[in-house]
Amino acid sequence: EDPSSSTSTQNSVAPDLPGFYYDPEKNRYFRLLPGHNNHNPLTKDSIQHKAMECKRLRLLEEEEKQTKTTRAGLNSSVLLQRRQLGLLSSTSYCRLVHELKVNCMQRRKIEIHSPDSSVAGTNNFKIIVADVACERIFTVNDVEHGGCKYGIINLSGLGKESLTVEMYDNLYFTNRKVNSVCWASLTHPDSHVLYPFKKAELSFSKLCLMGIAETPGCASLLPASLFSSTNPGDRPGMLCSFKISTAWSCAWCLNPQADNCFSTGLTRRVLVTNVVTGHRQTFGTSSDVLAQQFATQTPVLYNGCRSGEIFSIDVRQRNRKGQSWKATRLFHGSAVTSIHLMEAEHYLMAADMAGKIKLWDLRTAKCVKQYKGHHNEYALLPLHVNEEEGLLTAVGQDCYTRIWSLQDAHLLRTIPSPHPSSKDAIPSVVFSSRLGGSRGVPGLLMAVKQDLYHFSYN
């Protein structure tokens, strides 16, 4: 049973009656009162929230007992025996071993240390993004009175028995909301952090990620050396900031043919900027661009739109009026929230606001696999693909973290959030087999509310 689904047991036992709620425990109907009454103890929202919370607590108990298995009949002794008999290739053996390790991951809370005792654990995590080596994690935290603050977590402490990490905050706070973050390699690999943001609203609804069209904002390039334990007077200031309209997404180009360039997905257009020369190139679109990624083998930018369209742009060409510059074109039935270009750059993974996750073959422009179980209705939620381990990870709007096998799209594990599900408690995760660097520890990092958890391999 999918933990994100509504009371399917209720539907199978008794039919829904307008204005009534069926309690399967008491085996009777109860009248529902109008939901606008704050003192009403029985509304559809409260009933649904109670049912989801019961399922979350039940799953947490199962997590502690480790009662689930990744695949029926799959264990380490069977895998080793099949490998020794030559029934499994080394690639398949390693992939299945990773699946077993994922199934055995156990949650442990991490204590965050900081040179400033007032920094750690004071604000809710919103976004965490790891660098290429998985040695550092850039964090975006919500500030109580609106806006965000930034920090970098050093993961070298994960290899120690105490499971502690160090967090460094910068001196800058902003009254703007961050929509997207990516690492940028300007002077050396992962030397800067790129993030576009929009002006903060006075009040937030469940659609706060959508923002208001044409709201003033900017894209900033922040040196990672700003977050260091050295003398604060020696820290560099913000390298550059570009004024733009509301940006939904950003991407940094690592191809030498478009050196020092980054892209921002705006309202009905794409803006490619050179941070050294300041030269800009604009490509008009028919919809808001919510997800972006550059290819590394060619200077091609892939874009996912609110309309459900995915298209590519060769940034070497000039955008002339009346000229068709879109190359590859794919279509989802809902707004595309995240895209990931696979290592060989023949396949593209994409997720949308209908909860669909599809693997596209760029050579034939056809969907070859679909990963089921993801839940999303309106949020900009990222995908995390680990090709070396053969795993796909995504956090749903229902606050469950799901891990699939890239090979056959099998759902390997569903991890409930340690906190009750809510719109402001959607976890942000990082998965790697080398957290903390080449000699680091494998596993999953989960940031939710003010806490950081490590799901380590057994």
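Remark: the stretch 17-29, residue by residue, has Karplus-estimated 3J(HN,Hα) of 10, x, x, 10, 10, 9, 9, x, 5, 8, 6, 7, 8 Hz, where x stands for each Gly or Pro and the curve is 6.51 cos²θ - 1.76 cosθ + 1.60 at θ = phi - 60°. Determine the alpha carbon to alpha carbon distance for each of Lys101/Lys356; Lys326/Lys372; Lys109/Lys160; Lys356/Lys423; Lys65/Lys372; Lys126/Lys449 and list only those over 18 Å. In this structure, Lys101/Lys356; Lys326/Lys372; Lys356/Lys423; Lys65/Lys372 exceed 18 Å between Cα atoms.
Karplus-based coupling profile of the stretch 291-299, in residue order and whole Hz: 8, 8, 7, 8, 6, 9, 7, 9, x, with θ = phi - 60° in 6.51 cos²θ - 1.76 cosθ + 1.60 and x standing for Gly or Pro. Amide H contacts for Arg434 (H built 1.01 Å from N in the peptide plane; partners 5 or more residues away or on another chain; cut-off under 5 Å): Gly443.
Peptides 149-159, 83-93 ranked from most to least packed, by the mean per-residue count of other Cβ atoms within 10 Å: 149-159, 83-93. Packing here is the average count of other Cβ atoms within 10 Å per residue, and on that basis the peptides 450-456, 49-55, highest first, run 450-456, 49-55. Amide H contacts for Leu290 (H built 1.01 Å from N in the peptide plane; partners 5 or more residues away or on another chain; cut-off under 5 Å): Gly304, Cys305, Arg306. For the listed peptides 245-252, 129-136, a ranking on the average number of other beta carbons within 10 Å per residue, highest first, reads 245-252, 129-136. Amide H to amide H distances under 5 Å link Leu186 with Ser191, His192, where only residues 5 or more positions off or on other chains count and H is placed in the peptide plane. Estimated at the nearest 10 Å², the accessible area of Met349 is 0 Å² with a 1.4 Å probe. The residues neighbouring Asp352, those whose beta-carbon lies less than 14 Å from its own, together hold a net charge of +1 under the Lys/Arg +1, Asp/Glu -1 convention. Computed from backbone phi, the HN-Hα couplings of the stretch 264-278 come to 10, x, 10, 6, 6, 6, 10, 10, 9, 10, 8, 6, 8, 8, x Hz, rounded to whole numbers (Karplus: 6.51 cos²θ - 1.76 cosθ + 1.60, θ = phi - 60°; Gly and Pro given as x).
The values are calculated or read from the model by the stated rules, or taken from the named source; none is laboratory data. Note that the structure is predicted; figures quoted are calculated from it, not measured. Neighbour counts are summed over all protein chains in view; Cβ atoms, including those assigned to glycine, are modelled from backbone coordinates with ideal geometry. We work out accessible area using only protein heavy atoms, side chains counted, and drop any ligands, DNA or RNA first. Shrake-Rupley method; radii C 1.70, N 1.55, O 1.52, S 1.80 Å.
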